[in-house]
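The next block holds one structure in the form of structure tokens; read it before the comments.
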Amino acid sequence: MFNHLLSLLIWLPVVGAVPVLLAGSARPNLARWLALLMAVLTFVVSLFLLPQFNAADSAMQLTESHMWIASLGVHYGLAVDGISIALILLTTFVGILVIVGAWEVIQDKPHQYMAAMLVLEGLMIGVFCATDALLFYVFFEAMLIPMFILIGIWGGPRRVYATLKFFIYTFLGSIFMLIGLIYLYLKAGTFDLHTLAALPLTMQEQSWLFFAFLIAFAVKVPMVPVHTWLPDAHVEAPTGGSVVLAAVMLKIGGYGFLRFSLPIVPDASEHFAWLVIALSLVAVVYIGYVALVQEDMKKLVAYSSVAHMGFVTLGIFIAFMLVRGAGDVDMAKLGMQGAMVQMISHGFVSGAMFTCIGVMYDRLHTRSIKDYGGVINVMPWFGFFYVLFAMANSGLPGTSGFVGEFMVVLASFKANPWIALFAAFTLIIGAAYTLWMVKRVLWGDITNPHVREMKEINGREAFVLIAFAAAVLALGIWPQPLIHLMDASVSQLVQQLAVHKI
Amino acid sequence: MTLSTSILLTIALAPLVGCLLAGFLGKQIGRVGAHSVTILGLLVSCGLSFYVLYQITAGGAPAYNHNLYTWFEIGRFSASVGFLVDRLTAMMMVVVTFVSLLVHVYTIGYMADDDGYQRFFSYISLFTFSMLMLVMSNNFMQLFFGWEAVGLVSYLLIGFWYKRPTAIFANLKAFLVNRVGDFGFLLGIAAVLYFLGSLDYQTVFAAAPGLVGKTLQITQNHAWDAATVIGVLLFIGAMGKSAQVPLHVWLPDSMEGPTPISALIHAATMVTAGIFMVARMSPIYELSQGALSFVMVIGATGALFTGLIGIVQNDIKRVVAYSTLSQLGYMTVALGVSAYSGAVFHLMTHAFFKALLFLGAGSVIIAMHHEQDMRYMGGLRKYMPITWITMWIGSLALVAIPFTSGFYSKDAIIEAVGASHRWGSGYAYFCVLAGAFVTALYTFRQMYLTFHGKERFTVVEHHGHGHHDHDDHGHHKPGELAHAPHESPWVVTLPLILLAIPSLLVGFFTIGPMLFGGWFGQAIHVEEANNVLGELAGEFHGAAAMALHGFWSWPFGLVALAFVITTYIYLFNPAMAGKIKTAFKPLWTVLDRKYWVDDVYFAVFARGGVKLGRLFWKAGDAAVIDGALVNGSAGVVQRIAAGMRKLQSGYLYHYAFAMILGLILLLGGFWLVGQ
């Protein structure tokens, strides 16, 4: 049996970027079609994961392992569980849509843009497959490079400030993780995550490691107060960059918590869970208010991303209160699943929101809310999608945005009703900032004459929006398939939490 | 005889199919196509709903309770999409689909000139689907889905004329105020799961008695009774959806939407979802006297005080809107005294007569070329007799004249409140009695101003075209019409007639079984000690006797008094209205400003929220995090680097000096260590 499926997934887009680059700026259309072909191929290959994968088995599957750096015992180790597969599918799905979305929008060096996108996609898949901490770290850092380039070259006027801020912020975070990983290596003699999860550590060691991981992943998620790179990066990034950043890259932070903090330092994670929970609730309430007053649509959605990702970290860390405090494994699973569903859903919803803003930006070349108003008059079909995604962003049942938040609120009520109270506040503030924006952008009479010249979405844009809409609705109407895919892995993770290391 | 899944699915999905066809293929199938498919969907849905009601009532079919598919399943928790159809649900299904069907037909006439014709049909069919999902649900997850979906459609329909600034303000306001309610509702659902371990109605109700004695730890030494917490939290949801004080502010503004939806959504069905929900949750509410008292006091306050505002309104639709708020208060009071079936009974009769009043008001608005101000109406009865008579029927039902449907339901509620001994029932009794007087005042005033007295409009026939654009009805001076008013087409009057019939008769025939005959069976649960309707049953000797007795009761006396007052003022001495207004200027101002509730909310929550957001953004994100920490640390690095750079002067003697200095320090250090 072919057992290099994961390697194929990672390297297909990365290697596929070479012919795209070679097509050169002289043949932009060839570069576009080649890039699309690679993205579609990657997506098709990723679909093959599903029949190969046994969802009933909680073990890591489709394992690949080769010695990579023998002197350090570093392996090129890949494997997936249900959580990884869900995120990989999200990545490959979004991968196609950003290529299509950038089609004629990117006129400047399209071959390089497309190639950077493909490389980025491959590296992100690598992050979700790596079972060796150092390999994870390499992918984790390497993916900053294409994103740095995407923002730095195709970005807006303040792109240099934004891209440097993005790079230094995230890089600074991951340095701490690297130190933590080196410590673990010295202790265990390996970077294998499975072995590290079983490594006994004292509370003091765990605490140091916990904060090393926390800084790395909190920046990535991003959590308050290390979130300020995100609005700047989004504002300056090209549409496709924003979509990938919001839809996939932020998820790597949440994924990191699941793969590193929880299994390796469970006791410290329990001890400091209150901190993460508190920061998550601050993200929901405080950031909600900040989002309310944004004048730039992209900034607004960026802040809303921070608030929504608060549910991810909340769902993950209340698991400790539930498993170890209340002894309710099922409730902890509910919260953890909620966090996972929220990650996938936020991938669709934020990706779609940024695409919508991009569609408007391409026509009016401004992201400022006050320049719009009455867009529905000239773009009714676009309006349909915009309202749909805005509703998903407000967590309306029937859309994917509801599922994760619902599950996390239900679970957190058991952990502590006050947590649920603050978390549920998103119902009000989330609707307020999203729909107020909709009111000012979409509804109303046209006041800016340029709005009257805006053209209805074309077939290419419609394709991207329909794909996002289908995903948002499918997940909202029937989340069970996704939950089933991740169930065994989440159970395994939650059971692991119950085991004390000291 | 059993209910079949396919029939129930068809009932729910037929309107959805109509919605999708009219919405996505509106251009292709055209106007006729759009209203045909949606009305066909509603016909199927309504016909089958009647069949289900027949099956379950006459056919002895047992309640249907099955899941269709699993929404999520995690450990011992799961949520499904499924239907629970018992008598309560079946009655709601008939009310929803029947009123919706008539509103669909009416819309053909009302929206005839509107550009958004297909879109409107698509929305109201989507609404019907959502409302059916809400009432047919067998679990809390789906209930919440329907709950929010009807809120979405309400949002879309209030803002239907999206060019109007008032409309898009009103729809945002409606959505957000409802979200405040949903905030409580969601926490209520979480509390249900926490205490009872399930989201499925059947399981929850079976386990509900176990709530007794359980508490929720709020602080270290403070705990609340579990049933009260659940009851109050769920009711906060109902306060949003059913526009109870203090979350009532969105409903009057929702009148910005086209009139058909005011009838369907903001009178007959959606706003009663909260009432339905509490009735459905009766096994939980019965466990908490505290929660029920809370419900009763809130409802009573709304019943009286929102009705008072209705007296000073000049917009014909706003009068009906405040009347709806007041009547929702009556239903809520009934819930609060454990007369759940009384509440649901009033919900049903109210759906008919209030939809009738709204659609009648709409018919008047068509005749007046979209003038809604009653000060420019008067004497319309001779132009539009069908509207006039049917609206009088609706009004008589609203003020509860004996033998009308409204009498049976409202009088039963007043009696039940009178019989209740629950904390706060004295206050509630005062409110519902006084409310009866107030209801009659604004209702008769509205009827007189609209249909009777002198004509206060003039017909100016200079335009010579029948153009009446919804978005621009300001090109006439107020009170000037391009054509004489005329009776509306049959698609408008037929629904009026079909609603007038149940407004008159349905109460007479159904009060016996529904209120006193245990018709609802297992669907509504009342503890023996709380059963006020059970006590009243002993005094009930048939509908006719109750009506005859009604002529000698307090409420009827108050209505008669109000009739005399309004008749004198508006038919015989119109100048007196102005005099009274001047005499009671402060009181009038209080009512005209709606007790300043809207103003306070806007200042505190809307403006305050934005101010808070600005503060967080500028002080927190921009100043502290970015200014001081992020760019600040970058600045520190830069300054240090700049300082360090000065050391690299490039002069050889500087470096030589530094070397010598270093050597001296080093040697000195060794020397010190050696000592």
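Kindly establish whether B:LEU143 is open to solvent by 10 Å² or more (accessible area, probe 1.4 Å), closer than 30 Å to B:THR259 by Cβ and modelled with pLDDT of 95 or more. Before you say what the answer is, go through the steps one by one.
On the way: open to solvent by 10 Å² or more (accessible area, probe 1.4 Å): no; closer than 30 Å to B:THR259 by Cβ: yes; modelled with pLDDT of 95 or more: yes.
Criteria not met by B:LEU143.
Do any helices (runs of 4 or more DSSP H) entirely within region B:159-265 hold 1 or more residues that are aromatic (Phe, Trp, Tyr), and if so, which?
Numbers: elements: B:165-196, B:201-207, B:226-241, B:250-253, B:259-263.
Per the criteria, B:165-196, B:201-207, B:226-241, B:250-253.
Looking for something within 18 Å of the chain's Cα centre (by Cα), in a helix (DSSP H, G or I), over 20 Å from A:THR355 (Cα atoms) and of a type in the set (Gly, Ala, Ser) - is there at least one such residue anywhere in region A:119-128?
yes
Can you name the condition, by its number, that B:THR70 falls short on among (1) open to solvent by 20 Å² or more (accessible area, probe 1.4 Å); (2) within 16 Å of B:LEU16 (Cα to Cα); (3) of a type in the set (S, T, N, Q); (4) without any contact (Cβ under 8 Å) to a residue 24 or more places away in the chain?
Here B:THR70 clears every test but (2).
When you go through B:GLY542, B:GLY534, B:GLY512 one by one, which is the residue that is surrounded by fewer than 18 Cβ atoms within 10 Å (Cβ to Cβ), at positive phi and not β-branched (Val, Ile, Thr)? Let's see the steps before the verdict.
On the way: B:GLY534 fails: at positive phi; B:GLY512 fails: at positive phi.
One residue alone meets the criteria, B:GLY542.
Limited to region B:351-373, what total is found for residues that are in a helix (DSSP H, G or I) and open to solvent by less than 10 Å² (accessible area, probe 1.4 Å)? Even if it seems obvious, please write down each step before you answer.
Let us first name the residues in region B:351-373 that are in a helix (DSSP H, G or I), namely B:351-367.
Cutting the leftovers down to open to solvent by less than 10 Å² (accessible area, probe 1.4 Å) gives us B:351, B:353-365, B:367.
Within region B:351-373, residues that are in a helix (DSSP H, G or I) and open to solvent by less than 10 Å² (accessible area, probe 1.4 Å) number 15.
Please enumerate the residues belonging to region A:403-427 that are crowded, with 23+ Cβ neighbours inside 10 Å and at the interface with chain B (Cβ under 7 Å from one of its Cβ atoms).
Of everything in region A:403-427, those that are crowded, with 23+ Cβ neighbours inside 10 Å and at the interface with chain B (Cβ under 7 Å from one of its Cβ atoms) turn out to be A:VAL409, A:LEU410, A:PHE413, A:LYS414, A:ALA420, A:ALA424, A:LEU427.
Among the residues in region B:651-659, are any out of contact with any His (no Cβ under 6 Å at 6 or more places or on another chain) and outside any helix (DSSP H, G or I)?
Of all residues in region B:651-659, those out of contact with any His (no Cβ under 6 Å at 6 or more places or on another chain) come to B:651-659.
So of that shortlist, the ones also outside any helix (DSSP H, G or I) come out as B:651.
The answer is yes, given that some residue of region B:651-659 is out of contact with any His (no Cβ under 6 Å at 6 or more places or on another chain) and outside any helix (DSSP H, G or I).
Looking for whichever is more than 22 Å from the chain's Cα centre (by Cα) and either within 18 Å of B:LEU325 (Cβ to Cβ) or at pLDDT 95 or above (or both) here; the options are B:ILE365, B:ILE393. Which one fits? Spell out the reasoning first.
Working: B:ILE365 fails: either within 18 Å of B:LEU325 (Cβ to Cβ) or at pLDDT 95 or above (or both).
Exactly one residue qualifies, and that residue is B:ILE393.
With region A:241-352 as the region, which helices (runs of 4 or more DSSP H) entirely inside it contain at least 1 residues that are out of contact with any helix residue (DSSP H, G or I) (no Cβ under 6 Å at 6 or more places or on another chain) and open to solvent by 10 Å² or more (accessible area, probe 1.4 Å)?
Details: elements: A:250-256, A:266-271, A:273-292, A:297-320.
Of the helices (runs of 4 or more DSSP H) lying wholly inside region A:241-352, those with at least 1 residues that are out of contact with any helix residue (DSSP H, G or I) (no Cβ under 6 Å at 6 or more places or on another chain) and open to solvent by 10 Å² or more (accessible area, probe 1.4 Å) span A:266-271, A:273-292.
Quickly run through region B:169-223 and pick out the residues that are open to solvent by less than 20 Å² (accessible area, probe 1.4 Å), farther than 15 Å from A:ALA420 by Cα and over 29 Å from the mean Cα position of the chain (by Cα).
Across region B:169-223, the qualifying residue is only B:LEU211.
When only residues in region A:147-177 that are open to solvent by less than 10 Å² (accessible area, probe 1.4 Å) and either among the aliphatic types (A, V, I, L, M) or at pLDDT 90 or above (or both) count, which is nearest to A:ALA86 (Cα to Cα)? Before the answer, list the steps.
Of all residues in region A:147-177, those open to solvent by less than 10 Å² (accessible area, probe 1.4 Å) come to A:147, A:150-151, A:162-163, A:166, A:170, A:173-174, A:177.
When the remaining residues are screened for being either among the aliphatic types (A, V, I, L, M) or at pLDDT 90 or above (or both), the result is A:147, A:150-151, A:162, A:177.
Working: A:MET147: 22, A:LEU150: 25, A:ILE151: 27, A:ALA162: 30, A:MET177: 25 Å.
By that ranking, first place goes to A:MET147.
When region B:499-523 is examined, which residues are found to be closer than 27 Å to B:MET281 by Cβ and free of Cβ contacts under 8 Å to residues at least 12 places away in the same chain?
Matches in region B:499-523: B:PRO513, B:GLY517, B:GLY518.
Residues to consider are B:THR301, B:THR306; find the one that is open to solvent by 10 Å² or more (accessible area, probe 1.4 Å), in contact with a helix residue (DSSP H, G or I) (Cβ under 8 Å, 6 or more places away or on another chain) and of a type in the set (Val, Ile, Thr). Before you say what the answer is, go through the steps one by one.
Working: B:THR306 fails: open to solvent by 10 Å² or more (accessible area, probe 1.4 Å).
Unique residue meeting the criteria: B:THR301.
Can you give me the number of residues within region B:477-508 that are within 18 Å of B:GLY394 (Cβ to Cβ) and among the aromatic types (Phe, Trp, Tyr)? Explain how you work it out, then say what you get.
Of the residues in region B:477-508, the ones within 18 Å of B:GLY394 (Cβ to Cβ) are B:487-488, B:492-508.
Then keep just the ones that are among the aromatic types (Phe, Trp, Tyr); that gives B:508.
Residues that pass the stated criteria total 1.
Return the residue satisfying two criteria in turn: it lies in region A:361-395 and is open to solvent by 10 Å² or more (accessible area, probe 1.4 Å) and part of a loop (DSSP other than H, G, I, E, B), and of such residues it is farthest from the other protein chains (Cβ to nearest Cβ).
For region A:361-395, the residue satisfying everything is A:HIS365.
Kindly indicate the residue of region A:179-209 that is open to solvent by 50 Å² or more (accessible area, probe 1.4 Å) and of a type in the set (A, V, I, L, M) and also farthest from the other protein chains (Cβ to nearest Cβ) among those meeting that condition.
In this case the residue turns out to be A:LEU186.
If the requirement is being at pLDDT below 90, surrounded by fewer than 20 Cβ atoms within 10 Å (Cβ to Cβ) and touching a Lys or Arg at 6+ places or on another chain (Cβ under 8 Å), which of these qualifies: A:SER71, A:SER25?
Working: A:SER71 fails: touching a Lys or Arg at 6+ places or on another chain (Cβ under 8 Å).
Sole residue among the options that is at pLDDT below 90, surrounded by fewer than 20 Cβ atoms within 10 Å (Cβ to Cβ) and touching a Lys or Arg at 6+ places or on another chain (Cβ under 8 Å): A:SER25.
When the residues of region B:619-675 are filtered to those that are among the charged types (D, E, K, R) and exposed (fewer than 12 other Cβ atoms within 10 Å of the Cβ), which remaining residue is farthest from A:TYR169 (Cα to Cα)?
Of all residues in region B:619-675, those among the charged types (D, E, K, R) come to B:621, B:626, B:639, B:645-646.
Narrowing the set further to residues that are exposed (fewer than 12 other Cβ atoms within 10 Å of the Cβ) leaves B:639, B:645-646.
Values: B:ARG639: 19, B:ARG645: 25, B:LYS646: 28 Å.
Ranking the qualifying residues of region B:619-675, first place goes to B:LYS646.
Would you mind stating whether B:ILE309 is in a helix (DSSP H, G or I), of a type outside the set (Phe, Trp, Tyr) and in contact with a Leu (Cβ under 9 Å, 6 or more places away or on another chain)? Break it down into steps so the answer makes sense when it comes.
Numbers: in a helix (DSSP H, G or I): yes; of a type outside the set (Phe, Trp, Tyr): yes; in contact with a Leu (Cβ under 9 Å, 6 or more places away or on another chain): yes.
The answer is yes for B:ILE309.
Just name the residue that is least open to solvent (accessible area, probe 1.4 Å) out of those in region A:428-463 that are within 13 Å of chain B (Cβ to nearest Cβ) and among the acidic types (Asp, Glu).
A:GLU456
Return only the number of the condition from (1) touching a strand residue (DSSP E or B) at 6+ places or on another chain (Cβ under 6 Å); (2) under 29 Å from A:VAL282 (Cβ atoms) that A:GLN480 does not satisfy.
(2)
Checking A:ILE466 against (1) more than 9 Å from every other protein chain (Cβ to nearest Cβ); (2) under 22 Å from the mean Cα position of the chain (by Cα); (3) open to solvent by 10 Å² or more (accessible area, probe 1.4 Å); (4) modelled with pLDDT under 95: exactly one of these is not met. Which one?
In the conditions (1) more than 9 Å from every other protein chain (Cβ to nearest Cβ); (2) under 22 Å from the mean Cα position of the chain (by Cα); (3) open to solvent by 10 Å² or more (accessible area, probe 1.4 Å); (4) modelled with pLDDT under 95, A:ILE466 misses (4) alone.
Sort through B:SER100, B:SER80, B:SER49 and tell me the only one that's closer than 24 Å to B:VAL278 by Cβ, within 14 Å of chain A (Cβ to nearest Cβ) and touching a helix residue (DSSP H, G or I) at 6+ places or on another chain (Cβ under 8 Å). Can you show your working first?
Numbers: B:SER100 fails: within 14 Å of chain A (Cβ to nearest Cβ); B:SER49 fails: within 14 Å of chain A (Cβ to nearest Cβ).
That would be B:SER80, the only listed residue that is closer than 24 Å to B:VAL278 by Cβ, within 14 Å of chain A (Cβ to nearest Cβ) and touching a helix residue (DSSP H, G or I) at 6+ places or on another chain (Cβ under 8 Å).
Quick one: count up the residues across region A:102-133 that are open to solvent by 30 Å² or more (accessible area, probe 1.4 Å) and not basic (Lys, Arg). Working first, answer last.
First pass over region A:102-133, keeping only residues open to solvent by 30 Å² or more (accessible area, probe 1.4 Å): A:103-105, A:107-109, A:112, A:119.
In the following step, the residues that additionally are not basic (Lys, Arg) were identified as A:103-105, A:107-108, A:112, A:119.
Residues meeting the conditions: 7.
A:GLY358: within 14 Å of another protein chain (Cβ to nearest Cβ), touching a residue at least 24 places away in the same chain (Cβ under 8 Å), part of a helix (DSSP H, G or I) and in contact with a Ser or Thr (Cβ under 8 Å, 6 or more places away or on another chain), yes or no?
Working: within 14 Å of another protein chain (Cβ to nearest Cβ): no; touching a residue at least 24 places away in the same chain (Cβ under 8 Å): yes; part of a helix (DSSP H, G or I): yes; in contact with a Ser or Thr (Cβ under 8 Å, 6 or more places away or on another chain): yes.
Considered against the rule, which asks whether it is within 14 Å of another protein chain (Cβ to nearest Cβ), touching a residue at least 24 places away in the same chain (Cβ under 8 Å), part of a helix (DSSP H, G or I) and in contact with a Ser or Thr (Cβ under 8 Å, 6 or more places away or on another chain), A:GLY358 comes out as no.
Restricting region B:484-497 to residues that are buried (at least 20 other Cβ atoms within 10 Å of the Cβ) and within 28 Å of the chain's Cα centre (by Cα), which is nearest to B:ASN138 (Cα to Cα)? Walk me through it before giving the result.
Initially, region B:484-497 is screened for residues buried (at least 20 other Cβ atoms within 10 Å of the Cβ), giving B:485, B:488, B:492-493, B:495-496.
Now drop any that are not within 28 Å of the chain's Cα centre (by Cα), which leaves B:492-493, B:495-496.
Numbers: B:VAL492: 36, B:THR493: 37, B:PRO495: 32, B:LEU496: 34 Å.
Among those residues, the one meeting the criterion is B:PRO495.
When you go through (1) at pLDDT 95 or above; (2) at the interface with chain B (Cβ under 8 Å from one of its Cβ atoms) one by one for A:VAL349, which number turns out not to apply?
(2)
The values are calculated or read from the model by the stated rules, or taken from the named source; none is laboratory data. Since the structure is predicted, the reported quantities are computational estimates derived from the model, not experimental observations. For neighbour counting, all protein chains shown are included, and Cβ atoms are generated from backbone atoms with ideal geometry for every residue, glycine included. The protein model used for the area step is the full one, side chains on, heavy atoms only, and it has no ligands, DNA or RNA in it. Shrake-Rupley method; radii C 1.70, N 1.55, O 1.52, S 1.80 Å.
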